[in-house]
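S.K.: First the structure, which I've put down as structure tokens, then a few questions once you've had a look.
Laboratory data are not the source of any read-out in this text; all were calculated from the coordinates shown. As the structure is a computational prediction, the values presented were derived from the model and not from experiment.
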Amino acid sequence: MLLFAVSVPWYLPPGSPARLWLGLPHWVVISLLAYLAIAVFTAFVVTRYWRVPPADGDADDTEGTP
Amino acid sequence: MSASLALGAGAAVGFYLLVLISVGYATRRRGAQTGLGDFYLAGRNLGGFVLLLTLYATQYSGNTLLGYPGEAFRIGYAWVMSVGFMMAIIVVYLIFAPRLQRLARRHAFVTPGDWITHRFRSPSLTLIANVLLILAISNYLLAQLMAMGHVTEGLSGGAVPYWVGVVLLTLVVIVYETVGGMRAVAWTDCVQGSMLLVGLAGLLLAVVPTPAHLAELTLAVAAEAPEKVAVPSWDVSRNWLSTLLLIGFSGAVYPHAIQRIYAARDAATLKRAFSVMVFLPLVTTGVMFMVGILAIRELSAAGDADQVMPALLTAWSGRSVLLYVLCVTVITAVVAAVMSTADSVLLSLSSILAKDVVGTTLLKGAPEERLTRIGKLLSWVVVAVLVVIALSPRVTLWGLTEIKMEILAQVAPLFVLGVTWRRLSTSAALGGMLAGCATYAGLLLAGRPQVWNVHAGVVGLGVNVAACVALTLLPAWIAAAPAGARATGR
């Protein structure tokens, strides 16, 4: 959530001229870095915390509350 | 578009269509495909490579290759948001996909409605959710059929009329889908996804975004249209946040995407596919964003945003033989992207109509073989109706896309909250969905498609989630309050 919030330049003065970073406006580079960080973080979470249960041995279930 | 490019692209697309039909027939021989799970979910046995490419080809439609450069051309560097909202879809998937995949395997879910019925046990809730899903994806399918016509007409320079594009490409899709079901769709998606990746690599080579080149480009754009380079206004930032929420939640509950979660061979396969998928927006929408920015300088400021890609391809194809070949590849990739989305949406629509509509009413208790045959028949009926609508020019492509996302967003809590929050009650889920839909429809009728630059569908989603939480917790608090008061009184 924090990285998505950083990707949107709401915290920079609107309409202010852009500085060039790697040939792009600085706020675009910040956005792209935030998205790269989201991708890396998500891949890390998937790899590290998504536990793959043994086939058909998972007791976890979700039932409704009528 | 130049005549030589149109000729080369026509030959490449023709060859490509033959490959698709051959792949469709080849997959048919792998099994009889009489059961619903076999026909609609490829026997729940999609491996890592096929699953990744089918998810990829389905997620990125023709709109990505044609519409996104146009948007970057129109609004400027703020269109970098497209990388974020495609990534948001994967992040939202991960909230519910791991558990949903396990449950789908254990309880043999075929359609999104199967999960809703299992979780909430309310025919009314499943019915309303299915109506919304059918409405949204019919809309989406119609948009893809129209895109087929626009793509063939636009990219052939008018040599292939709009109606020929709609009818020909739709016919190819319906043929390979009817003979091969999800197996054919998934394997043709592999071909289409590969074409998409090759086409994007070609575009990247054509754009050559070195820092020096980008700096020159950015300065040129800043001189011509400074508002496209400057830090965006708060109006744009609010709309950006709203778009992240809208696309993130609605894109994650596309019925055809949910069915790919069901069709994964196992959790490990799905896990591997998602860990790669999350990087693909950077190299897909990121490339399209750069292409659109490049067009700001290459094309006239007064140019038509929808014609950005055809205009750029025409300009590039005349520069060298290599660029000509790359442009032909990109055109084939555009056709591939439209078809790969259309086939997946059509298969999903057919499964919902056969299993959740016909299978629970007219043919309740019918054997799966019969429902599968009915589903194939319904695919042809649905396609015939939508082709007739697509051939009339009374609806606009982009209007359809927006409506679809905002409707789907109202179904998202049934999956995101339904899977992750055990206390969510059926009445709260139903109340939330109805409140969300009423809010969205009310705002549209009041002529407010956006409120303070936030999409009406996102406002509806906010009301939906708030109602889900309030209607689940309030009865429990009210029931607990007298008990608490009695305890205090003692």
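S.K.: On full extension of the chain, what length is gained from A:W10 through A:W50, given 0.36 nm per residue of separation minus the C-alpha to C-alpha distance?
M.R.: Values: separation 40, 0.36 × 40 = 14.40 nm, distance 3.28 nm.
In short, 11.1 nm is gained.
S.K.: If you line up the Cα atoms of chain B on their principal axes, what length do they span on each, largest first, in Å?
M.R.: 87, 56, 43
S.K.: Right, another one. Starting from 0.36 nm per residue, how many nanometres of slack lie between B:R121 and B:L135 once their C-alpha separation is accounted for?
M.R.: Gain on extension, B:R121 to B:L135, equals 2.8 nm.
S.K.: With θ taken as phi - 60° and the coefficients 6.51, -1.76 and 1.60, list the Karplus ³J(HN,Hα) couplings across the range A:14-24 in order, rounded to whole Hz; mark glycine and proline as x.
M.R.: Karplus-based 3J(HN,Hα) across the range A:14-24 equals x, x, 5, x, 7, 8, 8, 10, 6, x, 10 Hz.
S.K.: Using only DSSP helix segments of four residues or longer, with each worth -39500 (n - 2.57), what per-residue ellipticity at 222 nm results for the protein assembly as shown after dividing by its residue count and rounding to 500? Intermediate values should be presented prior to the final figure.
M.R.: Working: 23 runs with 414 residues, N = 556.
That calculation yields -25000 deg cm²/dmol at 222 nm.
S.K.: Straight-line reach from B:K376: which lysines fall under 17 Å, measuring Cα to Cα and dropping same-chain residues less than 8 apart?
M.R.: Reachable lysines: B:K355.
S.K.: Each residue of the range B:107-118 in turn: what ³J(HN,Hα) in whole Hz from Karplus with 6.51, -1.76, 1.60 and θ = phi - 60°, glycine and Pro shown as x?
M.R.: 9, 6, 5, 10, 10, x, x, 5, 5, 4, 5, 4
S.K.: Over its Cα atoms, what ratio of radius of gyration to 2.2 N^0.38 Å does the range B:421-484 give?
M.R.: It is 1.35.
S.K.: If you stretched the chain out fully between B:L7 and B:A476, how much longer would it get, using 0.36 nm times the residue separation minus the C-alpha to C-alpha distance?
M.R.: 162.0 nm
S.K.: Please compute, for the alpha-carbon atoms of the protein assembly as shown, the extent along each of the three principal axes and give them in descending order in Å.
M.R.: 83, 59, 48
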